[in-house]
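Take a look at the structure set out below.
Each value in this text was obtained by applying a stated rule to the coordinates, not by laboratory testing. Quick caveat, the model's predicted, so the values are computed rather than measured. Cβ coordinates were reconstructed from backbone atoms using ideal geometry, including for glycine residues, and neighbour counts include every protein chain displayed.
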Amino acid sequence: MESNSSNGPTSQTPSVIELESITEYKASVFIWKFVPPILILLGTAGNTLSILTLRRKSIRSSTTALYLTVLAFSDLTVLHTGLLRQWLRYAFAVDVRAISEIGCKIHIWLVYSSLDCSAWILVVLTIERVVSVWLPHRAKGLCTKFTAAVSLILIGVFVLSLNSHLLYGKGNVVNADTIDKCDAINESYYQFFNKIWPWIDLCVYSLVPCTVIIVGNSLILVKIIKSRNKIRSRARSAGARRNRAPNRNTSSMTAVLFTLNIFFLISTTPISAYNIGYAYWVNINDLERVARLDLWWAIVNMFMYSNNTFNFILYCFIGSKFRQEVIKMICRAEETTTENVSLQLSNLRRTDNTCVN
């Protein structure tokens with residue numbers, strides 16, 4: 001889902017000078033220069049606040065809070081490796097992967113791994129929610145913090161191992177009179193990275209997670225509809241609506257998960273479609289087509305990185321408990337600041353009185 005090239009994962013593009021006069025290329029450069037810093041600032045602030053809120057005593061005991069905390073750390077890694085690198089390339093002509101060979105290897109490994117990690121955390125969250133909804137009596141025994149920790153460790157080992165070939169295959173290649181930095185080290189790896197790996201990456205980052213998320217959400221939705229129909233029938237027979245209140249927390253958490261999953265599908269599907277179609281659309285002899293692909297590459301990347309940016313806003317809008325904890329944390333911070341100011345003023349008055357005496 002991420003590449004060295006300017007307009008796609010497998011491109012061999014014309015020189016930038018040839019493209020600079022085309023409007024679509026200028027638009028793509030504008031996007032790469034001015035949108036990433038906004039996403040990075042918002043994503044850094046939002047994910048940091050998410051971590052602080054989710055680690056509060058009243059909310060950190062749940063397994064969901066643990067998953068979302070690790071998700072926030074993963075999203076921060078995505079923004080500060082993948083998106084930050086692209087912004088530096090376009091805004092300042094600085095590529096962090098060109099600084100050192102070991103830096104190139106570790107950087108690209110972290111980008112791919114953190115993107116995959118974010119996707120698979122949503123997968124295990126969805127599976128946990130399916131268990132909670134369909135097997136509520138067994139959920140407490142199955143969905144424990146130990147299970148969540150083991151799941152997160154397995155996800156980390158899986159994505160880091162899956163992408164470990166990048167530590168071997170990417171590096172500085174010495175030619176007759178030039179050095180290609182952070183490139184495929186030989187022809188066989190070039191063929192693998194450009195023809196086989198995109199399909200593996202597509203399945204791991206998008207197709208499999210999206211399939212699990214869609215199936216999981218469908219199962220949850222079916223169960224919710226069945227439960228509500230039962231509640232309504234009981235309420236009609238009893239002439240009351242007493243059974244609705246206990247489901248508020250469950251409904252709130254389910255709404256948060258639905259929103260996260262839907263946003264993931266909307267934001268990552270365009271780049272998946274682009275990566276599938278790119279090989280069929282590209283024609284390096286058609287500069288206007290290359291420029292259009294450049295523009296679309298910028299747009300689908302902004303969609304993808306928005307998934308790692310706006311989770312905090314989604315939590316606040318959808319999750320009532322999360323929103324309450326944010327408000328409490330802000331109010332507590334204001335109270336602490338007021339107390340500190342009052343204490344400083346009191347100390348200052350004592351000092352003044354001492355001087356006068």
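Taking other C-beta atoms within 10 angstrom as a stand-in for reagent exposure, CYS331, CYS182, CYS117, CYS316 fall in the order CYS331, CYS316, CYS182, CYS117, fewest first. The string of couplings for region 160-166 from the Karplus curve (6.51, -1.76, 1.60, θ = phi - 60°) is 5, 5, 4, 8, 5, 4, 5 Hz, one whole number per residue in order, with x for Gly and Pro.
Applying the Karplus relation 6.51 cos²θ - 1.76 cosθ + 1.60 with θ = phi - 60° to region 100-111 yields 3J(HN,Hα) values of 8, 5, 5, x, 4, 5, 5, 5, 5, 5, 5, 4 Hz, where x marks Gly and Pro. The ranking of LYS26, LYS195 from fewest to most other beta carbons within 10 Å of each one's beta carbon is LYS195, LYS26.
Of the chymotrypsin sites (Phe, Trp or Tyr not before Pro) found in region 36-131, no site is in coil according to DSSP while having at most 15 other Cβ atoms within 10 Å of its Cβ. Fully extending the segment from PHE192 to HIS165, taken as 0.36 nm per residue of separation minus the present Cα-Cα distance, adds 8.7 nm.
One chain, two ends: ILE102 and ILE200. Fully extended at 0.36 nm per residue, the span grows by 32.9 nm beyond their Cα-Cα distance. Ranked by the mean number of other Cβ atoms within 10 Å per residue, highest first, peptides 171-178, 269-276 order as 269-276, 171-178.
Using 1/(1 + (r/R0)^6) with R0 = 56 angstrom and r between the beta carbons of ALA176 and LEU52, what's the FRET efficiency to the nearest 0.05?
Computed FRET efficiency for ALA176 and LEU52: 0.55.
Modelled spin labels at ILE185 and ILE284, positioned 7 Å past Cα toward Cβ, are 2.5 nm from each other. Cβ crowding within 10 Å, taken as a proxy for footprinting-reagent exposure, orders ARG129, ARG228 from fewest neighbours to most as ARG228, ARG129. Think of region 16-320 as a dipole: +1 on every Lys or Arg Cβ, -1 on every Asp or Glu Cβ, centred on the Cα centre; then among SER74, THR259, PHE303, THR259 lies furthest on the positive end.
Note on SER233 and HIS137: the model spin-label points, each 7 Å out from Cα along the C-beta direction, lie 1.9 nm apart.
The charge dipole of region 86-205, taken about its Cα centre with unit charges on the Cβ of Lys, Arg, Asp and Glu (plus for the first two, minus for the last two), comes to roughly 660 debye. With each label modelled as a point 7 angstrom along the Cα→C-beta vector, the LEU41-ALA93 pair spans 2.6 nm.
Dipole size in debye (nearest 20) for region 16-320 around its Cα centre, Lys and Arg Cβ +1, Asp and Glu Cβ -1?
Magnitude of the dipole: close to 2960 debye.
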